[in-house]
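Down below is the structure, laid out as structure tokens.
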Amino acid sequence: MADRVTVIGWDGSPLTRAATAALSAATLVAGAGHHLALPEVPERAERIRLGSVDLAARRIAGHRGSAVVLADGDPGFFGVVRTLRKPEHGLEVEVVPAVSSVATAFARAGMPWDDAQIVVAHPRTLRRAVNVIRAHHKVAVLTSPGAGPAELALLLDHVHRTFVICEELGTARERVTVLTSDKTADHTWRDPNVVIAIGGGPETAAAGAWIAGRRPAGPEGVRGWALPATTYGSAGERGEGESPGLRAAQLARLGPRTGDLVWDIGCGGGALAVEAARFGAAVLAVDSDPEACARTAEAARTFQVGLQIVRGTAPHVLESLPEPDVVRIGGGGARVVTAVAERRPERIVTHASHRDEAEVLGAALTENGYTVECALLQSVELDTSAWAERERSVVFLLSAVRSDLAP
């Protein structure tokens with residue numbers, strides 16, 4: 001095993017004394033091409049072009065001598081340190097940090113970034129990165145080949161953001177470009193790059209902020225989930241599909257989270273759409289009623305969340321929407337349920353007002369490859385001044401999990 005492993009972050013600045021000393025003693029140096037070309041790399045040292053960090057770690061583990069790994073930015077921030085420290089490699093590393101590429105990108109843009117979401121985009125995580133951009137006002141994306149600015153813009157489709165694209169930070173070829181996302185796919189971009197995406201709802205940063213990243217969404221003093229109808233604006237909720245009790249059960253079954261895309265079909269007053277967005281998910285709120293769309297927009301403004309409202313009638317309007325992770329269906333019968341199931345989301349929830357309807361919806365889900373559970377939910381609202389029944393609600397809740405994911 002290597003006698004000593006030093007990981008050096010590189011941000012284009014002159015190397016520190018500690019970094020220079022580690023390099024001068026190195027008998028093996030791993031890094032990208034521009035790292036290996038640095039004049040401080042000893043000519044006698046074995047050189048490894050860094051592609052797969054796991055492969056490089058195995059080479060380092062078998063090396064006798066002093067090894068140095070050079071990496072862009074802060075190597076402990078979505079960098080090589082995590083891989084090198086995997087138990088199977090058995091490496092103990094010393095780290096000489098540098099300014100992270102995300103911090104540098106925001107500095108070049110002249111913007112604060114304590115309120116930014118930070119994601120890594122690989123081809124396998126590209127869709128989730130795009131969903132974070134849909135949901136949040138300020139997102140920094142550490143890109144990779146095949147998951148760069150053009151690919152982000154193409155998946156955003158008609159959702160427009162301002163992109164600040166920072167290419168080859170710290171090098172002589174550094175370039176910073178600001179343009180709208182709809183123009184991004186027309187260009188060829190150099191790796192590595194960082195993309196800052198701006199837009200998608202109100203900016204949530206404020207003076208006196210105490211936590212980095214996503215701020216808790218909602219008006220001052222509002223706590224909890226499945227809140228009463230009056231919390232979402234003057235219009236309130238409409239229909240049994242949006243009652244707080246049913247909504248709580250639906251959200252519990254769906255489990256929306258950051259990186260997900262939620263379809264809320266028949267969004268009504270927007271309560272469920274807003275609460276899914278408060279969990280960090282991207283949300284498409286669909287309704288054919290213009291008043292429902294307006295109520296949803298009002299609720300989104302009240303809670304300072306970004307969501308996309310789509311006016312149209314299901315199932316036809318669903319054909320042009322991006323692939324969902326979880327879906328809540330507020331109405332439309334078996335035809336809509338079948339159209340949604342054909343898009344293969346992980347989870348679907350819907351409801352029925354009577355058993356016959358529940359059986360039809362459950363059969364449609366089962367026939368399309370879902371494992372279905374059904375529960376009869378009954379809630380009774382009491383007037384606590386007289387402890388008398390004020391309102392009673394009875395509804396069948398159907399929750400479905402794609403069969404290949406079901407336990």
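The values are calculated or read from the model by the stated rules, or taken from the named source; none is laboratory data. No experiment lies behind these values; they were computed from the predicted model shown. Cβ coordinates were reconstructed from backbone atoms using ideal geometry, including for glycine residues, and neighbour counts include every protein chain displayed. These accessible areas exclude ligands, DNA and RNA; they are computed on the full protein's heavy atoms, side chains included. Shrake-Rupley method; radii C 1.70, N 1.55, O 1.52, S 1.80 Å.
What the table shows:
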| quantity | calculated |
| --- | --- |
| Residues (touching a helix residue (DSSP H, G or I) at 6+ places or on another chain (Cβ under 9 Å), open to solvent by 20 Å² or more (accessible area, probe 1.4 Å) and either within 20 Å of Asn131 (Cα to Cα) or at pLDDT 95 or above (or both)) located in region 290-309 | Leu307, Gln308, Ile309 |
| Residue match in region 390-406 (condition: basic (Lys, Arg), farther than 29 Å from Arg128 by Cα, open to solvent by 60 Å² or more (accessible area, probe 1.4 Å) and without any contact (Cβ under 8 Å) to a residue 60 or more places away in the chain) | yes |
| Subset tally (residues that are surrounded by fewer than 18 Cβ atoms within 10 Å (Cβ to Cβ) and outside any loop (DSSP other than H, G, I, E, B)) for region 156-181 | 7 |
| Flag if Ala71 is under 29 Å from the mean Cα position of the chain (by Cα) and either open to solvent by less than 20 Å² (accessible area, probe 1.4 Å) or hydroxyl-bearing (Ser, Thr, Tyr) (or both) | yes |
| Matching residues, region 182-205, being farther than 20 Å from Leu307 by Cβ, touching a residue at least 60 places away in the same chain (Cβ under 8 Å) and open to solvent by 40 Å² or more (accessible area, probe 1.4 Å) | Pro192 |
| Tally of residues being assigned to a loop (DSSP other than H, G, I, E, B), modelled with pLDDT of 80 or more and not polar (S, T, N, Q) across region 185-208 | 7 |
| Evaluation of Arg344 against (1) in a loop (DSSP other than H, G, I, E, B); (2) touching a His at 6+ places or on another chain (Cβ under 8 Å) (one fails), failing number | (2) |
| Residues that are surrounded by 20 or more Cβ atoms within 10 Å (Cβ to Cβ) and under 19 Å from Ala26 (Cβ atoms), drawn from region 96-110 | Val96, Ala98 |
| So Arg328, is it of a type in the set (Lys, Arg) and open to solvent by less than 30 Å² (accessible area, probe 1.4 Å) | yes |
